[in-house]
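Worksheet for the structure shown next.
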Amino acid sequence: MVPSKFAYHKPSTIKEAIELLTTHGDDSKILSGGHSLVPVLKLRLNDPEHIIDVSGIESMGGIRDNEKSITIGANSTHGEIAKNAALKEHAPMIALAASMIGDIQVRNFGTIGGSIAHADPAADWPAVLLAADANIVLTHAGGQREVDIDQFFKGLFMTAMGEEEIITAIRIPKTPFNKNSTYVKFPQPASRFALVGCAAAIANSDGYITEARVAFSGVSATPFRDSNVEKSLKGSVLNEDAIATATASVADDVSIMSDHFAAKKYRKHMAGVYARKALSALA
Amino acid sequence: MKVPVSITVNGKQYDKMVEPRLLLVYFLREELALTGTHIGCDTSSCGACTIHLDGKALKSCTMLAVQANGKSVTTIEGMANGEELHPLQEGFHMEHGLQCGFCTPGMIMCAADMLKNNPNPSEEEIRHGLEGNFCRCTGYHNIVKSIQYAAKKMA
Amino acid sequence: MTYIGSSVKRVEDKRFITGQGRYTDDIVLPQMTYACMVRSPHAHAEIVNVDISHASQMDGVVKIFTGKDTDAAGIGGVPCGWQVDFKNGDTMKEPPHPLLVSDKARHAGDAIAMVIAETYAQAKDAAEMVIVEYNVLPAVTNSKIARADGAPQVHADVPNNLAFDWELGNPREEVDAAIAGAHHVTTLEFINQRVICNAIEPRSAIGHFDTAYDKYTLYTSTQNPHLIRLLMCAFVLGIPEHKVRVVGPDVGGGFGSKIFHYTEEALVIWGSNQIKRPIKWTAERSESFVTDAAGRDHITTAKMAFDKDGNILALSSDTFANMGAYLSTFAPAVPTYLHGTLLQGLYTTPLINVSVDAVFTNTTAVDAYRGAGRPEATYLLERLMDTAALEMGRDPAELRLQNFIAPFDGVEQEGYQTQVALQYDSGNYAPVLKRGLEMVGYEQFRADQKAAESTGKLLGIGFSTYVEACGIAPSAVVGALGARAGLFESAQVQVHPTGKVSVYSGSHSHGQGHETSFAQVVADKMGIPMEDVEIIHGDSDAVAFGMGTYGSRSLAVGGSAIVKSIEKVLEKGAKIAAHLLEASVDDLDYAEGKWTVRGTEKSVAFGDVSLTAYVPHNYPEGLEPGLDFSSFYDPANFTYPFGCHICIVEIDKESGVVKVKRFIAVDDVGNVINPMIVDGQIHGGLAQGIGQAFCEGAVYDESGQLVNGTYMDYVMPRADDLPSFEIDRTVTPCPHNPLGVKGAGEAGCIGATPAVVNAVMDALKGYGIHDVEMPVTSQKVWNIIHGG
């Protein structure tokens, strides 16, 4: 349990961090809370030569309640997010998912930025951020860009981040569907990551669904929104029948992961079960 | 190459030169000889290494010592007030919440954070709150009672 | 003063709750170096070449040893401590277990080199740069497959990988004939899967050769310091025993895994003399998974035959027992004399035959894990009983009651002679089951079970009644059965001049609370305050000899040795007291710490007698000074605790998730010294037994890799996986030891597992299945419910 040797840098501004990243490129890794990266370093599954600790960058912290969105600084811990009043009000699934990550200790220090940069497909964040229509704020030497969450997760531990970019914030839009959202998880019994994590966000008008976003962690190597489910829900009334119809085809179009806890067939079934649980909670 | 860190542990400031790759748990155990914080796994799962960093429970195997630079650590050795045990320490003794004692420091440090945020937890909340801590001896039965004892005493 | 029987709070707690426990890895010696092992990533591979040239030059590296070095030093490897020969009389196959392998790796985790450096980080860095060239071979991890023709050979000179085969009980033909003619036969083929012990303290060892005294000290996380010394000195390194001190400091749980002599212990001792500096090695958890001896791993076919009234007529069982790649210290005893001998259970079964094939595979060694053989025996019997009840349309509780052995106390009535060698000491089985039924509210449960059917939940109840053998063991008996050691215990009771008492015990606590319960016994028997008693254990230089702590033996055997020494102390004390009181020994009574001349007020206190013993100015003629006695206690028999465990599970039909809703345990462990500690032992055992049933189990892939070799994949039971336990006890004293105790360390783990699986089977009885493989995961249950 000893990481390989590396040099440690602790910039105090984003600019400084980007400079370090530009200088060391491939050989460097960003560290925020360290709760995704340090476990990887300890087992020597990765051995970067430079660690750039961004936890001291003030502008990357805090949760700001803006007019049309909530901006979560990338250094925000899961624990901070779980307790945040604005998120609880405007996007309850975000706070709920945060409260279900890891354990007390992990929630105290693990950060949202670190977790999504790591892009573990079984982590809780991907599902809720996909359902929330979040934007990931990436900063690079030339400035900032915002990536739509639908374009962010690219595969197993892969994202749309460039090598010289840092996740600095996550923006959650204040929308009717986020206000009416939830997250449920079927945990892998050892790690308690998601065998199935399902986030659902539903907007209604006059009792009919105007927008439905249903996304999954843990099911496929790339976290995904299930467009079949979403299409089926749109325009209907969220009742038992509509939920049954919509969830009959969960995960039909994705390649499903398999391990000794849940082979494909069971995992697909449980994706349906948890989709029903999530949607029923919103009905 | 070693770098300087200044970390306050149980109220005392320590200035040391450390390798950046040194985990906080090794800093405590090897640099400071505070061996009450234990190592039970290598995957941040078992919780035996739980301490408090700036008042919050942390698995000290999951943080580099350099990350704790300038911060304040409390370990199991810092929980009692002189001869007066912390209510959780007392609870574990009174309710037989420990057998081999190896997981105990981590259990106590985790429970202290739990009670800070939820002073009157239900049994279910206690059990859930311990999901980051393994015990192989007690079946958790008496650990739950120990925490209930402390909660009552601290109320 | 009555300490015995009261829940005295533990005296050892203070150091643990304040962070002052002293475990092996906490110890730092001057000039200490650190070792990191280079281990085979392959389950089966020839070692073509080991290149240490680059690694040797790295920062901080002190020395690197490979198998060539240990071979050159003539070190043969760690021995097995128990010999079980083939049925035909051929000698057990006992291939060497080298400290470092030089020819081939036989399981993933086999050690190839030991890298020693100034810091652990440096050792780890250099270990990564030791270049090993392998020729990877096909591997086999399943004992039944390994036994078959054409399977990969783990050891070249062990055909069919068969270490030995073994049989016990009535002639197989008689048993088979009874089964063939029976009214009903219940047959089960099942796997009692491999579980990993997972003491939370990883193993650790420090070897120190002190050139000034020409003496070695080994600090090691062991349940068994003296036995480690004996095995290491006499069989591995050829070092004179008096030149080695073995210290087991505080030990962070063992559950069997720390009984055995491990290669790393001998390596750090041998290496410390080579480099003339202390060497510390501490396992990382990933290493523990592939090097700690594991438990269970049986593949069994068992048949139980009944007459038309439900009386058991006969039992047969055939087991493939996985030994792993090498024979660990007690491994041969586990599937044989600790398993086959328990197949009488609590039943009157008149004909029993058990046969076992012990098989090598490309896996980590298997040895005793909490219960050691007895959980496997109980699982076999109790799964058969519940299955038979279901098949015959009988109530599982009634079927058991009908077949129980009648009560016997071992005093008025003789012990019960089983068909499988053992003679039970005392037992009264119906009350534990009846009490269990009362606690669970059996009739109400059956009503609830019916009512739950409409809710998408399935409720199930499972029973398990067990008898086990503890207090291991009469030396002559185990010697006849193949043990290469005696299994007595020693104790020295040293009375100081001031009347304070130091007790040196060969038992060694790794969480059981010896410092409390032993002190309770001493204080009560000597009539002195507990504060005046100190229990010293775990150091071979302090304690004359010991056989360690396992098999729930500490109080039954170690405690009895203490009682023997106390008797000697009081006998001599009485002579001194008589002299001081100018009375005859026969006229003295001893109570509450003083000798009194019967019928008078004349008395002398224990402290005055002890002082006189060491300041013998006014002293009986011819009597030696001092008040200090040692004893060795060799038990007359095993002890036989028993009990009844009842589990209620709830299954969610949609997901297959199994929740243990209630767990009731009524155990009879004989007399109880400290109820609080005994309850704690039961709780812990239950958690491990339940863990095996519903979440634990090693998973290997085709290449022999342990797939779930970290806590991210191996499911340890956590607080929110378990219910609060509902426990009670009956008391049937052991008739053959002075304390009447039977042992409580393993009971929980022995009874619990089949109760959980039986409960799942009860819940799923509508689905036409015969068995479900452990661990009973949600996926398996869902597959059953949905015909997958």
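The values are calculated or read from the model by the stated rules, or taken from the named source; none is laboratory data. Small disclaimer: the values here were computed from a predicted structure and weren't measured. Ideal geometry is used to build each Cβ from the backbone, glycine not excepted, and the neighbour counts take in all protein chains shown. Protein only, heavy atoms only, side chains kept; ligands, DNA and RNA dropped before computing areas. Shrake-Rupley method; radii C 1.70, N 1.55, O 1.52, S 1.80 Å.
C:Cys644 falls short on exactly one of the conditions (1) surrounded by 24 or more Cβ atoms within 10 Å (Cβ to Cβ); (2) assigned to a loop (DSSP other than H, G, I, E, B), and that condition is (2). Taking the stated definitions as given, is A:Ile51 more than 14 Å from A:Asn75 (Cα to Cα), among the aliphatic types (A, V, I, L, M) and touching a helix residue (DSSP H, G or I) at 6+ places or on another chain (Cβ under 9 Å)? Spelling it out, A:Ile51 is indeed more than 14 Å from A:Asn75 (Cα to Cα), among the aliphatic types (A, V, I, L, M) and touching a helix residue (DSSP H, G or I) at 6+ places or on another chain (Cβ under 9 Å). For the stretch B:121-141, the tally of residues that are open to solvent by less than 10 Å² (accessible area, probe 1.4 Å), more than 14 Å from chain A (Cβ to nearest Cβ) and not in a loop (DSSP other than H, G, I, E, B) stands at 0. Condition first: touching a residue at least 12 places away in the same chain (Cβ under 8 Å), farther than 30 Å from C:Leu433 by Cβ and buried (at least 24 other Cβ atoms within 10 Å of the Cβ). Can you find one or more residues in the stretch C:598-606 that meet it? Yes; the residues of the stretch C:598-606 include at least one that is touching a residue at least 12 places away in the same chain (Cβ under 8 Å), farther than 30 Å from C:Leu433 by Cβ and buried (at least 24 other Cβ atoms within 10 Å of the Cβ). Only a single item in (1) touching a Lys or Arg at 6+ places or on another chain (Cβ under 7 Å); (2) free of Cβ contacts under 8 Å to residues at least 12 places away in the same chain; (3) among the hydrophobic types (A, V, I, L, M, F, W, C) is not met by C:Ala389, and it is number (1).
In the set (1) at pLDDT below 95; (2) not assigned by TED's automatic domain parsing to the domain that holds C:Thr730, the condition left unmet by C:Ala519 is number (1). Among residues of the stretch C:686-740 being out of contact with any strand residue (DSSP E or B) (no Cβ under 9 Å at 6 or more places or on another chain) and not in a loop (DSSP other than H, G, I, E, B), the one that is surrounded by the fewest Cβ atoms within 10 Å (Cβ to Cβ) is C:Asp720. For the criterion of being surrounded by fewer than 24 Cβ atoms within 10 Å (Cβ to Cβ) and facing another protein chain (nearest Cβ under 7 Å), B:Met114 passes.
Looking only at residues in the stretch C:229-275 that are within 14 Å of another protein chain (Cβ to nearest Cβ) and out of contact with any strand residue (DSSP E or B) (no Cβ under 9 Å at 6 or more places or on another chain), which one is nearest to B:Thr138 (Cα to Cα)? Only one residue tops the list, namely C:Gly253.
For the criterion of being of a type in the set (Gly, Ala, Ser), farther than 28 Å from C:Glu118 by Cα and under 35 Å from the mean Cα position of the chain (by Cα), C:Gly74 fails. Selection of the stretch C:404-439 for residues being part of a helix (DSSP H, G or I), among the aliphatic types (A, V, I, L, M) and closer than 30 Å to C:Glu189 by Cα yields C:Ala430, C:Val432, C:Leu433, C:Leu437.
The set of residues in the stretch C:513-539 that are touching a Leu at 6+ places or on another chain (Cβ under 9 Å) and buried (at least 22 other Cβ atoms within 10 Å of the Cβ) comprises C:His514, C:Ser517, C:Phe518, C:Val521, C:Met526. Screening C:Ser102 with (1) farther than 23 Å from C:Ser286 by Cβ; (2) in contact with a Lys or Arg (Cβ under 9 Å, 6 or more places away or on another chain); (3) among the small types (Gly, Ala, Ser); (4) open to solvent by less than 40 Å² (accessible area, probe 1.4 Å) gives one miss only, at (4). Counting the residues of the stretch C:229-246 that are among the hydrophobic types (A, V, I, L, M, F, W, C) and open to solvent by 60 Å² or more (accessible area, probe 1.4 Å) gives 2.
The numbered conditions (1) assigned to a helix (DSSP H, G or I); (2) open to solvent by less than 10 Å² (accessible area, probe 1.4 Å); (3) within 23 Å of C:Pro375 (Cα to Cα) are all true for C:Leu315 except (1).
Can we say C:Leu401 is assigned to a helix (DSSP H, G or I), closer than 18 Å to C:Pro431 by Cα and assigned by TED's automatic domain parsing to the domain that holds C:Glu746? So C:Leu401 passes the test. One residue stands out among those in the stretch C:67-92 that are in contact with a Ser or Thr (Cβ under 7 Å, 6 or more places away or on another chain) and part of a loop (DSSP other than H, G, I, E, B): the one that is surrounded by the most Cβ atoms within 10 Å (Cβ to Cβ), which is C:Cys80. The combined condition, being touching a Gly at 6+ places or on another chain (Cβ under 8 Å), more than 7 Å from chain C (Cβ to nearest Cβ) and of a type in the set (A, V, I, L, M, F, W, C), is fulfilled by B:Leu64. Within this structure, A:Asp47 fails the test of being charged (D, E, K, R), closer than 30 Å to B:Arg29 by Cβ and under 22 Å from the mean Cα position of the chain (by Cα).
Rundown of residues vs (1) within 14 Å of chain A (Cβ to nearest Cβ); (2) touching a strand residue (DSSP E or B) at 6+ places or on another chain (Cβ under 8 Å); (3) surrounded by fewer than 21 Cβ atoms within 10 Å (Cβ to Cβ), yes/no style:
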residue: C:Glu94; (1), (2), (3): no, yes, yes
residue: C:His107; (1), (2), (3): no, yes, no
residue: C:Ala117; (1), (2), (3): yes, yes, no
residue: C:Ala121; (1), (2), (3): yes, no, no
residue: C:Ala127; (1), (2), (3): yes, yes, no
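Checking each residue of the stretch C:546-569 against the condition of being outside the structural domain of C:Leu338 (by TED's automatic domain parsing), at pLDDT 95 or above and of a type in the set (Lys, Arg) gives at least one match. Looking at the stretch A:85-117 only, could you name the residues that are in a helix (DSSP H, G or I), out of contact with any Leu (no Cβ under 7 Å at 6 or more places or on another chain) and not hydrophobic (A, V, I, L, M, F, W, C)? A:Lys88, A:Glu89, A:His90, A:Pro92, A:Ser99, A:Arg107, A:Gly113, A:Ser115 - these are the residues of the stretch A:85-117 that are in a helix (DSSP H, G or I), out of contact with any Leu (no Cβ under 7 Å at 6 or more places or on another chain) and not hydrophobic (A, V, I, L, M, F, W, C). Evaluate the following for C:Val666: is it at pLDDT 95 or above, in contact with a strand residue (DSSP E or B) (Cβ under 6 Å, 6 or more places away or on another chain), closer than 30 Å to C:Val290 by Cβ and buried (at least 21 other Cβ atoms within 10 Å of the Cβ)? When the stated conditions are applied, C:Val666 does not pass them. Taken over the stretch A:8-41, the criterion of being among the polar types (S, T, N, Q), open to solvent by 20 Å² or more (accessible area, probe 1.4 Å) and either facing chain B (nearest Cβ under 10 Å) or in contact (Cβ under 8 Å) with a residue 60 or more places away in the chain (or both) is satisfied by A:Thr22, A:Ser36.
If you go through the stretch A:124-143 and keep only what is buried (at least 24 other Cβ atoms within 10 Å of the Cβ) and assigned to a loop (DSSP other than H, G, I, E, B), you end up with A:Asp124, A:Ala132, A:Ala134. Do we find that C:Tyr216 is over 30 Å from the mean Cα position of the chain (by Cα) and open to solvent by less than 60 Å² (accessible area, probe 1.4 Å) in this structure? Criteria not met by C:Tyr216.
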